[in-house]
Amino acid sequence: MATLRKMALSAQQIPRWLNSVKLSSFMTALQLRKGFQRPGKTLLCGVFAQPHASSEDCFLQWGFRTYRTSSMWNSSQSANSSRREINCAQSTLLPSVNEPPQKTQKMPSLDSELSLEGLDDVPPLSPLQPISDEEAVQIIAGPPLPPSSVTLRDYVDHSETLRKLVLLGVDLSKIEKHPDAANLLLRLDFEKDIKQMLLFLKDLGIEDTQLGPFLTKNYAIFSEDLENLKTRVAYLQSKNFSKADIAQMVRNAPFLLSFSVERLDNRLGFFQKELKLSVKKTRDLVIRLPRLLTGSLEPVKENMKVFRLELGFQQNEIQHMITKIPKMLTANKRKLTETFDYVHNVMRVPHHVIVRFPQVFNTRLFKVKERHLFLDYLGRAQYDPTEPNYISLDKLVSVPDGIFCEGMAKASIQDFEKFLKTL
């Protein structure tokens, strides 16, 4: 009687027990599915934990099979399926005492099932594969690159090339004034496009402190082929320019190496022929003023006409003056004519004296006027070297005010300052 009561009670508990098993199996299968959604994602430890008893393994396997086939069952067959589950559970999970226990099949563990060989077969991630909200929050994105800007400052944080150029002393505020500068620099790779150029310039004689100012003026040198630059240096060396001379010329005229060998050769030939200079004097001329090789020839041609036609100098006199003051070739035409007019017509200095001291053309005219008027006021404005109390034009325009007053005017600097207030 007691045995029958226990059997009835067990029969009543079987459906409730099966429902609990089905729910547990469903959750386990769901966790398995989530665990394989993304390759490389950490799996839940509880899913593949080793079972404590063989009967529980049977329940997990049965629940997993039930979950996989449950989606194909019709809702109208729910009653029949429940009875079949009970029968299956009774026949499979509740063996009788007389029957020998069946060998249960254990669920594979994580180490055995998910081997490294199996993981290699997982397809790679696709950039279009959707991600979860939690993964999206963990993505750290930098600030976006400005699509357009009027200053290179907005791109410094995004460009390693710009950052290193700034460290070298390059003034980006001056470079960005050129419309093509930003497009050139932002496309350059420092290691591939800039590093070799910097080594070339240093080998040429450009010091570290001079690289910044040089590149600020001639950033376009990065667009030049390095072999072409070496060819131009070799050409200058073939014309007996020393390495120190070439370094000095490149520092004073940063665009020098941007010109082809043909243009450099034509410029040297022009000055040698036009000024009728020897090879050595031509070389010394361009070393002192290398802008003659890079600038326009129009001011040079115009000033040569002014010296001959308007100022009345002879060819040999022009040669002497420009070899001493090369800037006279590129000086402003108006300044040349005004200075000559005052020195020659007001101060009464003849041509041959001006030729000896061409520094007067390299001095501001108002300074010449102030000193001449003070000497004339004191009665000491005498510029003829054959007369006593001779005043040299060189010293007149080159010495400081104190030496001028004490040595030439024979007056105090206070007197000179008071005189200037009367002008």
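Overview of results
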quantity: Count of region 408-418 residues which are open to solvent by 40 Å² or more (accessible area, probe 1.4 Å) and either closer than 28 Å to Lys327 by Cβ or part of a loop (DSSP other than H, G, I, E, B) (or both); calculated: 2
quantity: Number of the condition not met by Asn266 [criteria: (1) farther than 30 Å from Ile354 by Cβ; (2) out of contact with any Phe, Trp or Tyr (no Cβ under 8 Å at 6 or more places or on another chain); (3) open to solvent by less than 40 Å² (accessible area, probe 1.4 Å); (4) assigned to a helix (DSSP H, G or I)]; calculated: (3)
quantity: Residue tally, condition of a type in the set (S, T, N, Q) and touching an Asp or Glu at 6+ places or on another chain (Cβ under 8 Å), over region 350-374; calculated: 1
quantity: Some residue of region 135-153 being among the charged types (D, E, K, R), open to solvent by 100 Å² or more (accessible area, probe 1.4 Å), under 30 Å from Val250 (Cα atoms) and at pLDDT below 85; calculated: yes
quantity: Flag if Glu317 is in contact with a His (Cβ under 9 Å, 6 or more places away or on another chain), closer than 28 Å to Lys276 by Cβ, open to solvent by 20 Å² or more (accessible area, probe 1.4 Å) and in a helix (DSSP H, G or I); calculated: yes
quantity: Pair list, Cβ under 9 Å, 6 or more apart: region 297-323 residue in contact (Cβ under 8 Å) with a residue 24 or more places away in the chain and closer than 23 Å to Asn266 by Cα, other residue surrounded by fewer than 18 Cβ atoms within 10 Å (Cβ to Cβ) and hydroxyl-bearing (Ser, Thr, Tyr); calculated: Pro299/Thr330; Val300/Thr330; Asn303/Thr330
quantity: Count - residues of region 393-406 that are of a type outside the set (A, V, I, L, M), open to solvent by 40 Å² or more (accessible area, probe 1.4 Å) and assigned to a helix (DSSP H, G or I); calculated: 5
quantity: Any pair with Cβ under 6 angstrom, 6 or more apart, that starts in region 366-385 at a residue that is aromatic (Phe, Trp, Tyr) and ends at one that is surrounded by 15 or more Cβ atoms within 10 Å (Cβ to Cβ) and outside any helix (DSSP H, G or I); calculated: Tyr383/Val349; Tyr383/Ile391
quantity: Residues of region 269-283 classified as surrounded by 15 or more Cβ atoms within 10 Å (Cβ to Cβ) and in a helix (DSSP H, G or I), total; calculated: 6
quantity: Restricting region 199-209 to residues that are open to solvent by 20 Å² or more (accessible area, probe 1.4 Å) and part of a helix (DSSP H, G or I), the residue that is farthest from Asp171 (Cα to Cα); calculated: Asp203
quantity: All positions within region 354-412 that are over 29 Å from Gln314 (Cα atoms) and among the aromatic types (Phe, Trp, Tyr); calculated: Phe374, Tyr377, Phe404
quantity: Residue that is surrounded by the fewest Cβ atoms within 10 Å (Cβ to Cβ) [pool: residues in region 321-376 that are among the polar types (S, T, N, Q) and touching a Pro at 6+ places or on another chain (Cβ under 9 Å)]; calculated: Asn332
quantity: Single residue of region 285-311 satisfying the filter (assigned to a loop (DSSP other than H, G, I, E, B) and open to solvent by less than 40 Å² (accessible area, probe 1.4 Å)) that is farthest from Arg263 (Cα to Cα); calculated: Leu311
quantity: Checklist (1) open to solvent by 50 Å² or more (accessible area, probe 1.4 Å); (2) in contact with a helix residue (DSSP H, G or I) (Cβ under 6 Å, 6 or more places away or on another chain) applied to Tyr390, failing item; calculated: (2)
quantity: Number of positions in region 223-263 that are under 27 Å from Asp171 (Cα atoms), open to solvent by less than 20 Å² (accessible area, probe 1.4 Å) and assigned to a helix (DSSP H, G or I); calculated: 8
quantity: Selection status of Gly212, in a helix (DSSP H, G or I), out of contact with any helix residue (DSSP H, G or I) (no Cβ under 7 Å at 6 or more places or on another chain) and open to solvent by less than 60 Å² (accessible area, probe 1.4 Å); calculated: no
quantity: Qualifying positions in region 159-179 - surrounded by 15 or more Cβ atoms within 10 Å (Cβ to Cβ) and among the hydroxyl-bearing types (Ser, Thr, Tyr); calculated: Ser159, Thr161
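The values are calculated or read from the model by the stated rules, or taken from the named source; none is laboratory data. Because the structure is predicted, anything quoted here is derived from the model rather than measured. So basically every Cβ, Gly included, is an ideal-geometry build from the backbone, and we count neighbours across all protein chains shown. For accessibility, only protein heavy atoms count, side chains too; no ligands or nucleic acids. Shrake-Rupley method; radii C 1.70, N 1.55, O 1.52, S 1.80 Å.
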